[in-house]
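Derivation of every value follows stated rules applied to the coordinates shown; laboratory data play no part. All values derive from a computational prediction rather than experimental measurement. Neighbour counts are summed over all protein chains in view; Cβ atoms, including those assigned to glycine, are modelled from backbone coordinates with ideal geometry.
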Amino acid sequence: MFRHLLARVRPHFLARPLRKAARAPVRQAPLQAYDHAIDALEHRGAGLRRTAASMLALRGSLSRTLASQRREVGLLASRLSAGRRVAAPALVATLERDLGALEREVARTASQLSRTHEEAESLLAGAAELQRQLEVLREERAEASLILHSGQQLGQLRPHEALLQVEQLLALDAARDEVARLEALIEVSRDGSWAGERQSAPPPGP
């Protein structure tokens, strides 16, 4: 019976692929983790600053283009007024068509300039926030480095030396407690003796 069960179970186990043992996650050193986070923030901040610089350059270019287009609109409007005064229908129709097209270009340029300005301001704000986070992270890394250095110095002590230091501290605390207790007893004894002397003293004569 057992042989029959074994014959049925064995092919099932042999057919199953062997699972690889799960690898334990690699733990990073604390300072290394800080360095990786700082590098990532620096990389992101540099990318934001580059993009913001490009957007600012585009904003300046659009501002100059818009100013030039508006000057052209003024010139065309002046020519259109002059054409209407001299009653030149063909010239007036051409100028009106050109003026309408240029005004639409001005509207598109102004809209693009507004969007570029908003995006540039958003990028600058994001870069400033990343810089603030970077400063905080650097301060935390400096504190972590100091703590880890102190821990390493403590870890270099031998076990019995570390235990001896702990015992010395405990003994010192106990000695302080004993001195404080004796001082309190002396104060209580002194107060009691003074009260007894007052009670045993004879009353003053007439």
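In a simple Cβ point-charge model (Lys, Arg +1; Asp, Glu -1; nothing else charged), the range 31-156 has a dipole of about 1060 debye relative to its Cα centre.
Given axes a ≥ b ≥ c from the Cα gyration tensor, I'd like to know whether the range 31-156 is rounded (a/c under 1.5), prolate (a/b larger than b/c) or oblate.
On the way: a/c = 8.39, a/b = 7.10, b/c = 1.18.
It comes out prolate by the Cα gyration axes.
If R0 equals 45 Å, the separation of the Cβ atoms of Leu75 and Ala142 corresponds to a calculated FRET efficiency of about 0.10. Distance between the modelled labels on Glu118 and Ala184, one decimal in nanometres: 7.2 nm (7 Å Cα→Cβ projection).
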